[in-house]
Amino acid sequence: MKRMLFNATHPEELRVAIVDGQKLVNLDIESAARAERKGNIYKGRVTRVEPSLEAAFVDYGTQRQGFLPFKEISRSEFQNVPAQTPMAQVKIQDAISEGQEFLVQVEKDERGTKGAALTTFISLAGRYLVLMPNNPKGGGISRRIAGDERAELRDNLAALDVPTEHSLIARTAGIGKSRDELQWDLDFLLHLWRAIETATASVETPYLMYQESNLIVRAIRDYLRGDIQEILVDQEDIYQRAQKFMQQVMPHNVTKLKHYQDSIPLFSRFQIEHQIEDAYARTVRLTSGGSLVIDHTEALVTVDVNSARSTRGSDIEETALQTNLEAVDEIARQLRIRDLGGLVVLDLIDMTSPQNNRLVENRLQEAVKLDRARIQLGRISRFGILELSRQRLRSSISDANYTVCPHCEGTGHLRNVTSSALSLLRIVEEEALKENTEAVYA
């Protein structure tokens, strides 16, 4: 039985977990100390146009300026560029200028030393639809929808009253919904967009025009599906807010919402606290005795699969296959729970059979279908390496909750005593040999 659990007993943090029985399937954490800006819409001002980067820097109201690539600038924002000019011939310095003001949306939050990635292609997410204002070519249907469901949803979209300058993306939640339900969602999004447009003309720049919904609304909007049979909330105020939202948007699902009042903490009741702690650990144990070792670098995330004490198979090839199959299921789960984005490299246990490699690839492909993020999968190389790219939906657990160690600077290693002592001696010797050195004090 799948459930959605809201834990808000500590005001500093709101946690939402999706559980299947007592197994953690997904996790989302909102911290009061860390502002999430992804999805927010701002009225911004171009402060610098950089032709060498084919991008502009935009002041949108935070300490660090946002990065706006040329490809993310709508043609409607171009200045002094004839409409018939092919995009390949347009240069950014001719299309926009410093001081120009327009609406931007945060596509990726600030991370490390990098500013937020911005776009002028605005999108507003509803329960069933995503509205793409002033972008008539941006519509479509979620890639997860196929077959007869896709054809039915396409017919329903064609029957909607959509302004010609806008377009729509149908979400998976729209499957099986009537035209009236979809039109209601569209009308709500159109009303919201008109309110943003109207307000934009009367405010100074920079200004926050629209704030993406809080975690309560986002979780119910994005994760609630037919297979989730119960929503449990352990705080009265969060329960009331969830109830109000559901009564407005999905009244038929309100009966699933319950206020959890047991003396046992909600997450302890479903035995998922230790599973959340595993998401902070470098090593994840597999039930077979094998393990995953997850490491972060500036460029990518690596996952090393170790067989350790695993003896599942009748021989070494079978053991490698069974451990890899178990590992890719857990890797897909850890990607969701930790929200590991960007390039991820899996170092699997070597297998000699190409057929076994295909089995592992197919297993991983099935496992990532549960993920809301866009994922691109590679093939297993002759070195046992599989590469994948995953869309980052929010700040990862490590980004949001870790600070760099001041001693090792994040490497996890310290120079040993012998090497450090010899280095100091060499520095002293070098200083002593300089002509203008009278004495060295150490």
- Please identify the longest segment of the chain free of exposed chymotrypsin sites (Phe, Trp or Tyr not before Pro), where exposed means a DSSP state other than H, G, I, E or B and no more than 15 other Cβ atoms within 10 Å. 1-279
- Just name one of Pro69, Ser97, Leu153: the one whose Cα is farthest towards the positive end of the charge dipole of the stretch 60-210 (beta-carbon charges, Lys/Arg +1, Asp/Glu -1). Pro69
- Query: What pairs from Lys2/Lys244; Lys43/Lys177; Lys38/Lys244; Lys23/Lys369; Lys108/Lys369 go past 28 Å between their alpha carbons?
  - Reply: Lys43/Lys177
- For q = 0.18 Å⁻¹, what log10 I(q)/I(0) does the stretch 1-45 give under the Debye formula with an equal point scatterer on each alpha carbon and no solvent? -0.66
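Pick out, in residue order, every one of the trypsin sites (Lys or Arg not before Pro) in the stretch 236-326 that is DSSP loop and has at most 12 other C-beta atoms within 10 Å; say none if there are none.
Values: sites: Arg241, Lys244, Lys256, Lys258, Arg269, Arg282, Arg285, Arg309, Arg312; in loops: Arg282, Arg309, Arg312.
Loop-located and lightly packed - Arg282, Arg309.
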- Query: Considering every pair of different Cα atoms, what Kirkwood radius, in Å, is found for the stretch 321-402?
  - Reply: 13.1
- Query: Which is the longest run of the chain containing none of the GluC sites (Glu not before Pro) found in DSSP loop states (not H, G, I, E, B) with at most 15 other C-beta atoms within 10 Å?
  - Reply: 299-408
- In Å, the C-alpha Rg and Dmax of the chain are 26.1, 89
- Note on the structure: Log entry: pair-distance distribution for the stretch 240-307, C-alpha pairs binned every 5 Å from zero, whole % per bin is 3, 12, 13, 12, 12, 11, 9, 13, 12, 3, 0
- Which value, in debye to the nearest 20, gives the size of the charge dipole of the stretch 18-80 about its Cα centre, when Lys and Arg are +1 and Asp and Glu are -1 at the Cβ? 160
- Using θ = phi - 60° and the Karplus curve 6.51 cos²θ - 1.76 cosθ + 1.60, what whole-Hz ³J(HN,Hα) does each residue of the stretch 41-48 get, with Gly and Pro shown as x? 10, 10, 8, x, 10, 6, 9, 7
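Values in this text are rule-based calculations from the coordinates and carry no lab data. Keep in mind that what you see is a predicted model, and the values were worked out from it rather than measured. We place every Cβ from the backbone using ideal geometry, glycine too, and count neighbours over all the protein chains shown.
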